[in-house]
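Asker: One structure follows; several queries about it will come next.
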Amino acid sequence: MFAAYFDFPGGPENLYMKEVMKPNPGEGEVLVKVSASALNRADLLQRRGKYPPPKGASDILGLEAAGSVAGLGPGCSGRWRIGDAVMALLPGGGQAQFVTVPEGLLMPIPKDMTFIQAAAIPEAWLTAFQLLHFVGKVQEGETVLIHAGASGVGMAAIQLVRLAKAIPIVTAGTQEKLEATANAGAAAGFNYKNEDFSEKVLEFTQGSGVDIILDCVGASYWEKNLNCLSTDGRWIIYGLLSGGEVHGDLLTRLISKRASIHTSLLRSRDKEAS
Ligand SMILES: NC(=O)c1ccc[n+]([C@@H]2O[C@H](COP(=O)([O-])OP(=O)(O)OC[C@H]3O[C@@H](n4cnc5c(N)ncnc54)[C@H](OP(=O)(O)O)[C@@H]3O)[C@@H](O)[C@H]2O)c1
């Protein structure tokens, strides 16, 4: 089969189609013929050599895929049949003609959805769901600040915050992105490039700050995050787009608000973990 591949870390010019061995489904695994995969920020980081796949995972790019069941490994329970339309979150390997997936990780594609639409769901939406519910334990009426609001994860998070009857507000780098986030349900949005988002957030929350921050930016935002986090607030870090090295008295600022820092990484969860 063919797969999108690179031999050396770098730009997109390093990508090429490589003929590789078609995978065989092992015990309890399903072989999926891939119709569509998606491109996430994590793929770009991996291609640049900054986000290696976890031990034992495929080194082919692609954290999600949608397609049809093409084979069943020994011990499969009968849940899936040849030809079923499925989508899955993957530790890697989605940007190839075939991929194997543990049967419990497959999700059926709803009837009205195309393979292309389905392929864009698992990574962004499961990340956002995990951040909000498993980690952040979002409650009705809470205010959630979502950085990079127009990113894949950000757009999913806005809609999930609304579903939880909480209030999403965002930061983004352009007016067009702020408009897209407003259309998705953001109650307010701030352009971090030309205004101090922490002051704007404090204005919006009438001085109390936000209950939760979903942060994929990291270092460059730490001080502003603590300015606009509420007392007892939860700051959830799930990406480090601006780096991870922090200079300053973070711990004093954190304890003065009784705030907590949580981190989350979907890819390093094992197959059985919740
Ligand atoms: N922990 C996990 O389990 C997990 C899972 C999925 C994704 N992630 C992480 O989540 C982040 C978003 O992923 P995605 O695929 O949804 O991204 P995406 O759609 O590619 O969007 C990323 C956006 O982040 C903003 N950005 C980039 N660098 C920035 C910086 N230095 N400061 C502020 N904003 C910056 C940019 O928007 P603006 O123009 O608005 O600046 C960019 O468009 C990535 O860091 C990714 O690695 C983590």
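The values are calculated or read from the model by the stated rules, or taken from the named source; none is laboratory data. In this text, all values refer to a predicted model and were calculated from it rather than measured experimentally. Note that we place each Cβ from the backbone using ideal geometry, even for glycine, and neighbour counts take in every protein chain shown.
Asker: Confirm whether ARG47 is modelled with pLDDT under 95, within 16 Å of the ligand (Cβ to nearest atom), surrounded by 14 or more Cβ atoms within 10 Å (Cβ to Cβ) and not hydroxyl-bearing (Ser, Thr, Tyr).
Answerer: Spelling it out, it is not the case that ARG47 is modelled with pLDDT under 95, within 16 Å of the ligand (Cβ to nearest atom), surrounded by 14 or more Cβ atoms within 10 Å (Cβ to Cβ) and not hydroxyl-bearing (Ser, Thr, Tyr).
Asker: Only one of PRO54, PRO74, PRO122, PRO108 is exposed (fewer than 15 other Cβ atoms within 10 Å of the Cβ), within 22 Å of GLN159 (Cα to Cα) and either modelled with pLDDT of 95 or more or within 16 Å of the ligand (Cβ to nearest atom) (or both). Can you tell me which?
Answerer: Working: PRO54 fails: within 22 Å of GLN159 (Cα to Cα); PRO74 fails: within 22 Å of GLN159 (Cα to Cα); PRO122 fails: exposed (fewer than 15 other Cβ atoms within 10 Å of the Cβ).
Criteria check complete, one pass: PRO108.
Asker: Assess whether ILE169 counts as being at negative phi and in contact with a Leu (Cβ under 6 Å, 6 or more places away or on another chain). Step through it out loud before you land on a result.
Answerer: Details: at negative phi: yes; in contact with a Leu (Cβ under 6 Å, 6 or more places away or on another chain): yes.
The answer is yes for ILE169.
Asker: A further question on this structure: Can you tell me how many residues within the range 125-145 are more than 16 Å from the ligand (Cβ to nearest atom), among the polar types (S, T, N, Q) and surrounded by fewer than 20 Cβ atoms within 10 Å (Cβ to Cβ)?
Answerer: Of the residues in the range 125-145, 1 are more than 16 Å from the ligand (Cβ to nearest atom), among the polar types (S, T, N, Q) and surrounded by fewer than 20 Cβ atoms within 10 Å (Cβ to Cβ).
Asker: Okay, moving on. Where in the range 188-274 are there strands (runs of 3 or more DSSP E), lying fully within it, with 3 or more residues that are away from the ligand (no atom under 16 Å from the Cβ)?
Answerer: 229-237
Asker: Is it true that some residue in the range 149-163 is more than 16 Å from the chain's Cα centre (by Cα) and more than 9 Å from the ligand (Cβ to nearest atom)?
Answerer: Taking every residue of the range 149-163 in turn, at least one turns out to be more than 16 Å from the chain's Cα centre (by Cα) and more than 9 Å from the ligand (Cβ to nearest atom).
Asker: Sticking with this one: Which of the following residues is over 30 Å from ARG258 (Cα atoms) and modelled with pLDDT of 95 or more: MET155, MET113?
Answerer: Every option except MET113 fails the conditions.
Asker: Let me ask something else. Since LEU178 meets every condition but one in (1) in a loop (DSSP other than H, G, I, E, B); (2) within 10 Å of the ligand (Cβ to nearest atom), which condition does it not meet?
Answerer: Only one criterion in (1) in a loop (DSSP other than H, G, I, E, B); (2) within 10 Å of the ligand (Cβ to nearest atom) is unmet by LEU178, namely (1).
Asker: Please work out if PHE98 is within 14 Å of the ligand (Cβ to nearest atom) and out of contact with any Ser or Thr (no Cβ under 8 Å at 6 or more places or on another chain).
Answerer: Details: within 14 Å of the ligand (Cβ to nearest atom): no; out of contact with any Ser or Thr (no Cβ under 8 Å at 6 or more places or on another chain): yes.
No: the conditions fail for PHE98.
Asker: To continue, here is another question. Restricting to the range 6-44, name every residue that is touching an Asp or Glu at 6+ places or on another chain (Cβ under 8 Å) and either under 30 Å from GLY83 (Cβ atoms) or modelled with pLDDT under 95 (or both).
Answerer: If the condition is that a residue be touching an Asp or Glu at 6+ places or on another chain (Cβ under 8 Å) and either under 30 Å from GLY83 (Cβ atoms) or modelled with pLDDT under 95 (or both), then GLY28, GLU29, VAL30, SER37, ALA38, ASN40, ALA42 are the ones that fit.
Asker: With respect to the numbered conditions (1) touching a residue at least 12 places away in the same chain (Cβ under 8 Å); (2) outside any helix (DSSP H, G or I); (3) not hydroxyl-bearing (Ser, Thr, Tyr), which one is the sole condition not fulfilled by ILE116?
Answerer: (2)
Asker: Shifting gears a bit: Restricting the search to the range 6-39, which residues are part of a loop (DSSP other than H, G, I, E, B), in contact with a Gly (Cβ under 6 Å, 6 or more places away or on another chain) and under 19 Å from LEU90 (Cα atoms)?
Answerer: Those that are part of a loop (DSSP other than H, G, I, E, B), in contact with a Gly (Cβ under 6 Å, 6 or more places away or on another chain) and under 19 Å from LEU90 (Cα atoms): PRO25, GLY26, GLU27, GLY28.
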